[in-house]
1. With just the Cα atoms of the protein assembly as shown, tell me how far they stretch along each of the three principal axes, in Å, largest first.
2. Exposed loop trypsin sites (Lys or Arg not before Pro) only (DSSP loop, at most 13 other Cβ atoms within 10 Å): please give the longest stretch of chain B free of them, not including the sites.
3. Can you say what percent of the DSSP beta bridges in chain B, counting only those with both residues inside, are antiparallel? Round to 5.
4. Going by a ≥ b ≥ c, the root eigenvalues of the Cα gyration tensor, does the stretch B:111-256 fall in the rounded group (a/c under 1.5), the prolate group (a/b larger than b/c) or the oblate group?
5. Given a Förster radius of 51 Å and the C-beta distance between residue A:47 and residue B:41 as r, what FRET efficiency does 1/(1 + (r/R0)^6) yield to the nearest 0.05?
6. Counting only residues 5 or more places away or on other chains, whose amide H sits under 5 Å from the amide H of residue C:262 once H atoms are built in the peptide plane?
7. Whole-Hz ³J(HN,Hα) for each residue in the stretch C:120-135, computed from phi via Karplus 6.51 cos²θ - 1.76 cosθ + 1.60 with θ = phi - 60°, x for glycine and proline: what do you get?
8. Say a label goes 7 Å from Cα toward Cβ at residue C:207 in every copy; what distances in nm does this one have to the rest, shortest first?
Amino acid sequence: GELRYTSPPKATANSAVNCNFEDEGWLWSQIKAEARRDAESEPALASYLYSTILSHSSLERSLSFHLGNKLCSSTLLSTLLYDLFLNAFATDPSLSSAAVADLRAARERDPACISYSHCLLNYKGFLACQAQRVAHLLWRQARRPLALALHSRVADVFAVDIHPAARIGKGVLFDHATGVVVGETAVIGNNVSILHHVTLGGTGKVGGDRHPKIGDGVLIGAGATILGNVKIGEGAKIGAGSVVLIDVPPQTTAVGNPARLVGGKEKPSKHE
Amino acid sequence: GELRYTSPPKATANSAVNCNFEDEGWLWSQIKAEARRDAESEPALASYLYSTILSHSSLERSLSFHLGNKLCSSTLLSTLLYDLFLNAFATDPSLSSAAVADLRAARERDPACISYSHCLLNYKGFLACQAQRVAHLLWRQARRPLALALHSRVADVFAVDIHPAARIGKGVLFDHATGVVVGETAVIGNNVSILHHVTLGGTGKVGGDRHPKIGDGVLIGAGATILGNVKIGEGAKIGAGSVVLIDVPPQTTAVGNPARLVGGKEKPSKHE
Amino acid sequence: GELRYTSPPKATANSAVNCNFEDEGWLWSQIKAEARRDAESEPALASYLYSTILSHSSLERSLSFHLGNKLCSSTLLSTLLYDLFLNAFATDPSLSSAAVADLRAARERDPACISYSHCLLNYKGFLACQAQRVAHLLWRQARRPLALALHSRVADVFAVDIHPAARIGKGVLFDHATGVVVGETAVIGNNVSILHHVTLGGTGKVGGDRHPKIGDGVLIGAGATILGNVKIGEGAKIGAGSVVLIDVPPQTTAVGNPARLVGGKEKPSKHE
């Protein structure tokens, strides 16, 4: 589904980022209830829902199983991936809270997201992002070949190409997600919404820290290309199809190719 | 292949939309003849062509088998999908006539389409569109979880993301198709041609009926982004890479970011 | 990873294009050494690296095995594809030297490419390009149904859609590669770098020779759309998101939608 462009209320945003075990418990109960309801109304899906959700004792196990199945190949077995994901969730609890925040973000900001289980099972943006978070952990552990093998599978299976070294906040929504490319030194803040075909790339002129830094609550429209170590300020909006080579101040909208600034807090643009 | 931008003759267009059982019989014979010829000239493909085309008694069975194989996963079995597609074709005969019209559209409008069987077997835009038509039937039958599971497989396998609720006419060509995103309340008319990376999305400002309405015979170039509940009139042409946020009158061309109108019946544009 | 926009030194470029058996021997030793090192440091990858690289006696065998596994389906078996690729490499030695040149191009021009084996195993642009070279050989041998079946698998698996008839030089880097579409009569020179979402398409106005001709050393930024039988001169640069409908002289930069020329040898543009 597409995005609601209205900013999420600050309270919600904070609760999403600071979610705790109680939140996760509630969310996992909710997901199981949805899966039970769907399995009853659609027997053709019962076996699928049992294997992906209902047979598991936690969100982490369900997600590990589902990602393992989606990303496995004849040479990279689902069992290896399942263990890899489970170990990652056990090692770094922030992976779980990020998954919970991302599920909430999809449910709150995407009007086409009809349930949490719908997002967990079907949103390639959500699944690619959780796999990237695990690849990022491997990258930080200096397990780069494994991080890159996982990255490659995500790029093949979901057509979402986020470098394992990129840092991504919580409550992030990759909506539709096909064609998203995020470079090695990019940073994405909390509660950011990114549509499909968005590139956070380099200009090629410099090495090192060469990719965009995206502030909290930013919205990036479909097909926008942001290049270079530029800063997109908190709450900024980047119009669909824009090519952005400059900093964008907070709460400001940038549109066009090349992008120009068209609005801010005092001068709301059409795109807000 | 890319599009012939010349409009299909009205007679052809109508025959495509109003095709009947006779048409389908002729087309299916043609497809089998092509497959027999190819199997003879290329023994390496014989087994593939037998299992996908020559072993089947109808276009519907061939298509159901092929889609089931392409879209299945370890948790969503090909047999389940095969039965699902076969039942859909039996329930709604308009699915067959739409498939026939879409095959004709590819053969007539795409110079790189060398045979009907080539389109049936290889065109991800054609296959994604037929799967969406079945998902749309499930959606109208209030079988939403199954419709969305099918939608998700199509988005993963073909990188084509058309919401099950979107309404699509007949004789539609999704050319190349990678990266196409079509929202929940979008409507696409008959004999429309849509290139790859095209978005029919929402602006995010409103809920409800929030996606574009594409008239009959419209051509939408590669990478065009059309946002909001705007109306693209019959026979209009949208240039590659355009970002369209406004209505486009019939027989008119829109280009640029943001798109401006550059031609019409009396003032043909360069893009026609 | 993204591109270093600095032109590769001429000497390197020539050595890449004119690489010989010695080069390939060195590169294959290097790839095996990398795989051995990675298998030791990451036991979880040992079996994967053994089956894809270490068990093979040559780059051609490794590549054929890996492509066969990536591109196979339940109806197009990996063994058939493996034999097909091996035979192609045996028939046309330029396929091997092109693969070597492409591996060097990725390692030299993409700062995110940390090793040759990383490119061989994980770069969908590299793998799609090698598969296209084989499909192109089949096309020239008048084995069109098989060439198109292979093309279709590459489009499904990698979301990279390069027509089998397109002619591609050596030392070519398809970086990220998702969404790339290259038409039937397109020609791509040596040492060209092409980012993701790039289209080399037709305008639809004419049949026959209707796609772009890309000179040696050209760089095409993310999301650029080049349409028609236009000539992009040697060393030209096409900015991200540009829509190019005109010839671009050598060493010149084109940006925007529609693209305008903004620099050349005497007037370097910001994008160089």
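1. Answer, in whole Å and largest first: 64, 63, 53 Å.
2. Working: sites that count: B:265, B:270.
So the longest stretch without any such site is B:1-264.
3. On the way: 3 of 27 bridges.
Percentage antiparallel, nearest 5: 10.
4. Working: a/c = 1.76, a/b = 1.13, b/c = 1.56.
Oblate, since a/c reaches 1.5 and b/c is not below a/b.
5. Details: r = 42 Å, r/R0 = 0.82.
Efficiency, rounded to the nearest 0.05: 0.75.
6. Residues meeting the criterion, in which the H sits 1.01 Å from N, are C:253, C:254, C:255.
7. These are the phi-based 3J(HN,Hα) values: 4, 7, 10, 7, 5, x, 5, 5, 4, 5, 5, 5, 5, 4, 5, 4 Hz.
8. With the label placed 7 Å along Cα→Cβ, residue C:207 yields 5.2, 5.2 nm.
Laboratory data are not the source of any read-out in this text; all were calculated from the coordinates shown. Model, not experiment: these values are computed from the prediction. Counting neighbours? That spans all protein chains shown, and the Cβs are built from the backbone with ideal geometry, glycine included.
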